[in-house]
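None of the figures in this text is laboratory data; all of them are computed from the coordinates on show. In this text, all values refer to a predicted model and were calculated from it rather than measured experimentally. Quick reminder, even Gly has a Cβ in these numbers, built from the backbone with ideal geometry, and neighbours come from all protein chains shown.
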């Protein structure tokens, strides 16, 4: 698929997973309210709304606080500060970084985001913030050392694409849904522990007999697996957005092979990016958590990794450059 | 009574769609205008930057007086361009002259090792890149605008609402499509 087709495919897949997410939440929520509060004529799934509301709070707080928290946690320093105390070689690299960010902002038609440098020897980069005009880009010192100008341009294009595709908003919605599902599952388990709901009451006598029982069996299994399923769905969205950012970045540079080479270089460096916490992993170009999950390509890796396997990303980029089957 | 309400709903939906379409086209048209002006911003930046760059290397690259003069002359011509077609041609010639300066600088090993020169080469490349990306963005956003006007059902109302297709940036001088020749021999 060329880069336009890949973008369209990944946007579509995001929608599909989001719908699955909402359906799953509704399944849990309706079952929860039916189980614990009975099915009356005027059935309002109060429990579901409360769970979703509470689950959204921490997600929204993180979203609104924007990039400050993430940047502070990684020890990122503004580019101007780093350049002030830099040697000649470093000054050239930093100037190249500044120019590359400018170039990509022009290509994307976005205002220029502030640039930060993270003092970590592992090559990585991330974008943080609410959206265009309120975002920042950060790269590690290891990234500046490892990549040439063309590869750096590919990485910055990828990060800027996260900004222009509003990926922070997408992942905030996902976090709210995960929060709601986990809460529902938690309350349901506590509720059952403390003696179950009014299943024996009006609900089951008025309910559909065998169909009602079947629903509850399915629901109980769903409750047990809910946190796992929620995490799987969330990571699925994260991976689709990574593919989308690769394709959008290739559209900016019109040079997919630059980013492909950058990913190969980043993959070659084995160490985890210790500066970046788990919560911010989805914003990075490569998984900062040591890549144990992303190196394997088996079923478990496919389901729970925040980033797609590097080999698959590189293959997709080569396809965009019409280089099928090589390397 | 029932059919009256249905008619009302249909009219309301169509009206809302028309408003949304109009607003979207207006937003795109403004982005297209902005994109066009952005190219000028980058070209002006290049004009302002060139004298400083040329002066900085003039001492070290004394043998390349021809190349340096060519750059300054091309810049002067570009500043006096009349109209977009003329400007496009003269800016193209300036790009060619700058390209030669970059290539010739490669010929001086001691110059290449000099950090100041590396920084200047970076600035030259970055300036050319920015002009290129500004043109790329203009074409991208103009294409989006044209597509938004031409898809069904928007194409039914776009003309009525006063929208026209945007022109894409293109090379008018066929000579610019030729691969530039670089002469690295010492003059």
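Normalised Debye scattering of the stretch B:16-177 at q = 0.18 Å⁻¹ gives log10 I(q)/I(0) of -1.05, counting only Cα atoms as equal scatterers and leaving out solvent. Computed on the Cα trace of the stretch A:7-87, the radius of gyration divided by the Kirkwood hydrodynamic radius gives Rg/Rh = 1.28.
Cα-based values for the stretch B:25-94, radius of gyration first and Dmax second, are 15.7, 55 Å. Averaging the sequence gap over all C-alpha pairs within less than 8 Å and six or more residues apart, then dividing by the number of residues, gives the stretch B:16-177 a relative contact order of 34 percent.
Sorted from longest to shortest, the spans of the Cα atoms of the stretch A:66-177 along the three principal axes equal 48, 30, 21 Å. Taking 7 Å steps out from each Cα toward its Cβ at residue B:66 and residue A:187 produces label points 8.3 nm apart. Ordered by the number of other Cβ atoms lying within 10 Å of each residue's own Cβ, fewest first, A:217, A:118, A:155 fall into the sequence A:217, A:118, A:155.
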